[in-house]
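*Asks:* This is the structure I have questions about; it appears just below.
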Amino acid sequence: MVARARARVMASSVDVLLMVLVVIVALAIALIFIAAYGVSPGSGISAFVQGAFGSQLNLASTLAKMIPLSLVALGWIVAFRAGRIQVGFPGQIMVGGIVCSIVALKFGPLPGVIHLPLAIFGGMVGGALWAWVAAVLWAKRGVNEILSTLLLNLVAAQVLAWWVQSPFHDSSTPLPQTLPFPNSALYPSLLVNTDLHWDIVVVPVAVLAVAYILAQTTWGFRVRVAGANPQVARHAGISPKSIGVQAMLVSGALAGLAGASLVLAGTQPAMGEAFEGGFGFNGIAVALLARNSAWGVVPAALLFGALSQAGQVMSATVNISSQLVGVVQGLMIMLVLAATTILYVQRARRRGGGTGARAALQPPSEVRSAEVGVPG
Amino acid sequence: MIHFSLAAIGVGPFDTNLLSQALILATPILLAGVGELISERAGVINVGLEGMMLSGAFFSYVLTWKSHSLVVGCLAGIGGGLVFGVIMGLLAIEVGADQIVAGVAIDLAALGLTGFMFEQIFQNLPQIVVPTVNNIAIPGLSKIPSFGPALFNHDPLLYLAFLLVPLSWFLLYRTRWGLAIRAAGELPMAADSAGISVRRIRWMGVLTAAGMAGLAGADLSIVQVGIFHENLSAGLGYLGLVAVIFGRWRALGVLAAALVLGGANALQLRVGEQPYIQGAFWGAIALIAFSLLGGELLPGRGPVRRSALGLTGLAGIAGVVLLIVEPHISLSQPLWVGFPYVVALLVLAGARTSARMPTALAVAYRRGQG
C-alpha cells in the first residue's frame with residue numbers, strides 16, 4: 001500500500017513537472033514569434049510580466065479573467081469525466097448572458113439580496129438549457145455532442161446578435177448592446193476602479209464543490225464509472241446515458257455561471273454583442289492544462305488569465321497582436337496532449353495495461369480506476 | 001425540381017440565381033467534406049477541419065496577393081491546410097492522442113495564428129482585394145435556357161469539387177487503396193495482419209482531408225470574395241464534418257448533404273435581405289421538411305418509428321395550412337445567418353447515422369496492442 005501511494009505521489013510530481021515544461025516550451029515558442037516581429041525577448045518578457053501582474057489594475061484584470069476561465073474549465077471537467085466531450089461553452093455562456101439580461105432588466109426593481117442571486121441563477125439556467133439541447137440530441141438521436149455543440153455555438157452567436165440589436169437593444173446608442181443593468185443585479189466591486197468584483201468568490205466555491213462531488217459523492221462515482229467504462233457502468237446498474245445528460249446539464253450550468261460573471265461583473269454594466277470574449281474555448285485549454293483535475297484548474301486559469309491580460313496590454317505597449325494568445329493556447333493543448341499521451345502509454349506499457357487515448361487525459365490518480373472501471 | 005414547383009406557386013426567392021448561389025456555397029462544404037470522408041473512412045476524425053480551412057484561406061490570400069497568381073494561391077491554400085494536417089497526423093497517428101481534442105486544439109491554434117499574422121502583416125495597410133478566379137462557361141451546356149448558366153458557368157474549383165464526388169467513390173470502392181482505407185477504418189488489426197500499413201493509410205487520409213480543407217479555404221478567400229478577415233471560415237469547416245455524418249459516410253451522401261447545407265445558406269442570404277417574407281415561403285419550408293422526413297419512412301430504411309410518422313404528418317399538415325393561410329412572419333437578419341446551422345442540427349437529428357459509422361473511427365491504433 002505504501003509503495004503504491006509513493007508511486008502515485010511520484011507520478012503526480014512527474015505530471016506537474018511535465019505541465020510546467022509544456023508551459024515553458026509554449027511560451028518560448030511565443031517568444032520566437034515576438035522576436036520575429038522585431039521585439040527583443042527581454043523586452044517581450046518584461047512587457048508580459050508588467051502586463052499581467054505589474055500594477056494593481058493589471059493584476060485585478062488578470063484575476064477577473066481567471067473567473068470565467070475556471071468556471072468553464074470545471075464545466076469541461078464534469079462533462080469529460082462522464083465521457084462527454086461537449087465544446088458548447090461559448091454558446092452556453094451567451095445564452096446564460098441572455099437569460100441574465102432578462103432577469104436583470106425585466107425583474108425589478110428588487111433589493112440586491114434577491115436580484116443578484118436571481119440573475120446568477122438565471123444565467124445558470126440559460127447555460128444548462130443550451131447544453132440540454134445537445135444532451136437530448138445525443139441521448140435520444142445519437143447526435144455526436146461535439147458537432148451539435150459546435151453548431152449550437154454558431155446559432156447562439158446569431159441569437160445574441162439579434163438580442164442586442166432588436167428586442168433588448170438600448171435605443172440611445174447605435175452600438176449593439178442592452179440597456180444598462182440596475183445596480184441591484186450587478187456583482188459589487190471588490191477593488192475600486194479595477195475589473196475585480198465579488199464574483200471571484202465563486203471560483204474557490206466551485207472548485208471545492210466540483211472536486212468534492214466528483215471524488216466523494218455517489219453521483220460523482222457514477223459519473224466517473226460512466227465515463228471510464230460505460231459497459232461496466234451498465235452492469236452496475238448505472239445508465240451512462242442519463243448520467244451523461246446530467247453531467248452535460250451541470251457543465252452547461254457552470255458555463256452559464258461564467259456568462260453571469262461576464263455580464264454582471266464586466267467592464268460595463270450592460271451586455272454587448274461580443275461579451276463572450278473567447279472564454280468558452282480558452283476554458284477548455286485551461287482544463288486540459290490542468291489535466292482535468294479540479295484543483296489544477298486554479299493555477300492553469302491563473303496562467304491563462306495572465307496570458308490574455310498581458311496579450312491585451314502588449315498589443316498597446318510593444319505592438320504585438322493580442323491574437324498571439326490564441327496561438328499559445330492552441331500550442332499548449334497540443335503539447336499537453338502529446339506529452340500526456342506518451343507518458344501514459346509508457347506507464348501502461350510498464351504495467352502491461354491497455355491503452356486508450358482518452359484515459360491518457362485523466363488525472364494520474366484516476367488512471368488506474370479508468371482502466372479497470374472501478375474507483376481506486 | 002423543387003425550385004420549379006416553388007416558382008410556380010409564386011415564392012419569390014426561388015429562382016435560378018438561388019440555384020447558382022447554392023452550388024457556389026456548397027463548394028467549400030463539399031471540398032472539405034469529401035476529404036474528411038476519406039479521412040474518416042480511414043479511421044481518423046478531424047475536428048481541425050475548420051482550422052485547416054481557415055489556414056488555407058489565409059495562406060492562399062497572402063500568396064495570391066504576393067504572387068498575383070491564382071494557381072500559386074490555390075497551392076498555398078492546400079499547403080496551409082497541410083501544415084495543420086501534419087500536426088494532426090503527428091498527434092493522432094504517431095502519438096495516438098485523443099483525435100477530437102487534437103482537432104479542437106488545431107482549430108484554436110489556427111484561429112489564433114491566422115488572426116495574429118493577418119494583424120501583423122496588414123494592420124497598417126488598406127483593405128486589399130485580390131483578383132478572384134474567373135468563371136469558365138462550359139460550351140454548349142451553359143447555353144441551355146433557364147438553368148444552363150446557373151449550372152454550367154462557374155469557377156474551376158466548383159467543377160473540381162463536384163468531379164471529386166464520383167472520383168472519391170471510385171477510389172473508395174473500386175481500388176485496392178480504397179479497400180485498404182476502409183479496412184483501416186473498420187478493423188485496423190485485420191488490415192494490419194493483411195499486410196496493410198494502417199499508419200501509412202491513416203496518414204494519407206489525414207493529409208487528404210487537410211489539403212482539401214485548405215483548398216476549400218482558398219475557395220472562400222480567393223474564389224468567392226477576394227478578401228480575408230479574422231475567422232473568415234466562420235464555422236463552414238464544421239459544416240463539412242456535418243456533411244460527412246449526414247451523408248452516412250458515402251460520397252453521394254456527402255454531395256446531397258453539401259447541397260442541402262449550401263442551399264440553406266443561399267436561401268438565408270437571399271431572404272435575409274428582404275423586408276418581409278411571403279407566407280408561402282414558410283409553407284414551402286414545411287413541405288420540404290415533409291418530403292425529407294417522408295424519405296426516412298420509405299421501405300428499406302428500417303422499422304418505422306411512431307414519432308417519425310407523427311413528425312412527418314405534422315410537417316405535411318403545417319405545410320398545407322401555411323400555404324392556405326399565408327401569414328407574414330419575418331425574422332431579423334442575424335437569425336437568418338443562424339438558419340443554415342439550425343438546418344444542420346435538424347439534419348443531424350433526423351439522420352439515422354450511427355450504424356454506418358466506421359467502427360474504428362477516432363480509435364488510435366498501435367501495432368501489437370489490440
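The values are calculated or read from the model by the stated rules, or taken from the named source; none is laboratory data. Computed from a prediction, not measured in an experiment: that's the story for all the values here. Cβ sites come from the backbone with ideal geometry, for glycine too, and all protein chains shown count toward neighbours. Please note that ligands, DNA and RNA were not included when accessible areas were found on the heavy atoms of the full protein model with its side chains. Shrake-Rupley method; radii C 1.70, N 1.55, O 1.52, S 1.80 Å.
*Asks:* If R₀ is 22 angstrom, what is the calculated FRET efficiency for the pair A:Ser242 and A:Ala209, using the beta carbon separation as r and rounding to 0.05?
*Replies:* Values: r = 21 Å, r/R0 = 0.96.
Calculated value: 0.55.
*Asks:* Sticking with this structure for a sec: Report the gain in length on full extension from B:Arg366 to B:Ile121: 0.36 nm times residue separation, minus Cα-Cα distance, nm rounded to one decimal.
*Replies:* Working: separation 245, 0.36 × 245 = 88.20 nm, distance 4.23 nm.
Here the segment from B:Arg366 to B:Ile121 would lengthen by 84.0 nm.
*Asks:* Sticking with this structure for a sec: Order B:Tyr173, A:Tyr212, A:Tyr37 by their accessible area, 1.4 angstrom probe, all chains in place, largest first.
*Replies:* Working: B:Tyr173 60, A:Tyr212 135, A:Tyr37 90 Å².
Correct descending sequence by accessible area is A:Tyr212, A:Tyr37, B:Tyr173.
*Asks:* Enumerate the calculated ³J(HN,Hα) couplings along the range A:261-267 in order (Karplus 6.51 cos²θ - 1.76 cosθ + 1.60, θ = phi - 60°), each rounded to whole Hz, writing x wherever the residue is Gly or Pro.
*Replies:* Calculated HN-Hα couplings, in order: 4, 5, 7, 9, 9, x, 6 Hz.
*Asks:* For A:Gln177, list long-range residues whose amide hydrogen, built 1.01 Å from N in the peptide plane, is under 5 Å from its own amide hydrogen.
*Replies:* Close amide H contacts, sequence-distant or interchain: A:Asp170.
*Asks:* Where does each of A:Trp198, B:Trp249, A:Trp295 land when they are ordered by accessible area, with a 1.4 Å probe and the largest first?
*Replies:* Details: A:Trp198 125, B:Trp249 5, A:Trp295 155 Å².
The residues order as A:Trp295, A:Trp198, B:Trp249, largest area first.
*Asks:* Using a cut-off of 28 Å between alpha-carbon atoms, which lysines can reach A:Lys106, once sequence neighbours fewer than 8 places away in the same chain are excluded?
*Replies:* A:Lys65
*Asks:* What does the charge count near A:Leu151 come to, summing +1 for each Lys or Arg and -1 for each Asp or Glu among other residues with Cβ under 12 Å from its Cβ? Don't jump to the answer; show the numbers that get you there.
*Replies:* Details: positive: none; negative: A:Glu145, B:Glu50.
Once positives and negatives cancel, what remains is -2.
*Asks:* Is there a quick way to get the dipole size of the range B:18-135? I mean about its Cα centre, with the Cβ of Lys and Arg at +1 and of Asp and Glu at -1; what is the value in debye to the nearest 20? Provide the component values of the computation, followed by the final result.
*Replies:* Working: 2 positive and 7 negative charges, 73 e Å.
With Lys and Arg at +1 and Asp and Glu at -1, about 360 debye.
*Asks:* Using only DSSP helix segments of four residues or longer, with each worth -39500 (n - 2.57), what per-residue ellipticity at 222 nm results for chain A after dividing by its residue count and rounding to 500? Walk me through the numbers on the way to the answer.
*Replies:* Working: 14 runs with 269 residues, N = 376.
Computed mean residue ellipticity for chain A: -24500 deg cm²/dmol.
*Asks:* I want to check the label-to-label distance for B:Val225 and B:Ala137. Put each point 7 Å from Cα in the C-beta direction and report it in nm to one decimal.
*Replies:* My value for the distance between the label points is 2.9 nm.
*Asks:* Quick check on the protein assembly as shown: take the gyration tensor over C-alpha atoms, sort the square-rooted eigenvalues as a ≥ b ≥ c, and tell me if it's rounded (a/c under 1.5), prolate or oblate. Display every interim value, and only then the final one.
*Replies:* On the way: a/c = 1.34, a/b = 1.18, b/c = 1.13.
It comes out rounded by the Cα gyration axes.
*Asks:* Rounded to the nearest 20 Debye, what is the dipole magnitude of the protein assembly as shown about its Cα centre when Lys and Arg each give +1 and Asp and Glu each give -1 at the C-beta?
*Replies:* Working: 39 positive and 25 negative charges, 585 e Å.
The dipole of the protein assembly as shown has a size of about 2820 debye.
*Asks:* Residue-wise, which Karplus ³J(HN,Hα) couplings in Hz belong to the range B:40-53, taking 6.51 cos²θ - 1.76 cosθ + 1.60, θ = phi - 60°, and x for glycine or proline?
*Replies:* Each residue's phi maps through the Karplus curve to give 6, 5, 7, x, 10, 8, 10, 6, x, 3, 4, x, 5, 5 Hz.
*Asks:* In the full protein assembly as shown, how much of A:Thr317 is accessible to a 1.4 Å probe, in Å² to the nearest 10?
*Replies:* Approximately 90 Å² for this residue.
*Asks:* Provide the FRET efficiency to the nearest 0.05 for the A:Arg234-B:Ala349 pair, computing r from the beta carbons and using R0 = 22 Å. Mind dumping the intermediate values first?
*Replies:* Working: r = 24 Å, r/R0 = 1.11.
Given R0 = 22 Å and the Cβ-Cβ separation, E is 0.35.
*Asks:* Hey, what do the phi angles of the range A:31-41 turn into as Karplus ³J(HN,Hα) couplings, whole Hz, using 6.51/-1.76/1.60 and θ = phi - 60°, x for Gly and Pro?
*Replies:* Each residue's phi maps through the Karplus curve to give 4, 4, 4, 4, 5, 4, 9, x, 10, 5, x Hz.
*Asks:* Once Lys and Arg get +1 and Asp and Glu get -1 on their Cβ, which of A:Ala135, A:Thr62, A:Gln50 lies farthest toward the positive end of the dipole of the range A:1-143?
*Replies:* A:Ala135
*Asks:* A further question follows. For the range B:7-120, what class follows from the C-alpha gyration tensor (a ≥ b ≥ c being the square roots of its eigenvalues): rounded when a/c is under 1.5, otherwise prolate if a/b is larger than b/c, else oblate? Present the calculation step by step, with values, prior to reporting the outcome.
*Replies:* Numbers: a/c = 2.37, a/b = 1.44, b/c = 1.65.
Since a/c reaches 1.5 but b/c is at least a/b, the shape of the range B:7-120 is classed as oblate.
*Asks:* Still on this structure, I have one more. Keeping every protein chain in place, order B:Cys74, A:Cys100 by accessible area at 1.4 Å, biggest value first, i.e. largest first. Write out the running numbers ahead of the final one.
*Replies:* Values: B:Cys74 30, A:Cys100 0 Å².
Solvent-accessible surface, decreasing: B:Cys74, A:Cys100.
*Asks:* So who's got an amide H within less than 5 Å of the one on B:Val47, skipping anything under 5 residues away but keeping other chains? H placed 1.01 Å off N, in plane.
*Replies:* Excluding prolines and chain starts, which carry no amide H, the hits are B:Gly103.
*Asks:* How far apart, in nanometres, would the label points at A:Ser189 and A:Gln216 be if each is projected 7 angstrom from Cα along the Cα-to-Cβ direction?
*Replies:* The modelled label-to-label distance comes out at 3.7 nm.
*Asks:* Moving on to the next point. Classify chain A: rounded, prolate or oblate, from the alpha-carbon gyration tensor (a ≥ b ≥ c, eigenvalue square roots; a/c under 1.5 rounded; otherwise prolate if a/b is larger than b/c)? Provide the component values of the computation, followed by the final result.
*Replies:* Details: a/c = 1.92, a/b = 1.22, b/c = 1.58.
It comes out oblate by the Cα gyration axes.
*Asks:* Still on this structure, please answer the following. Considering amide H positions built from the backbone, and no H for Pro or chain starts, which residues 5 or more places from B:His154, or on another chain, come under 5 Å of its amide H?
*Replies:* B:Ile136, B:Ile138
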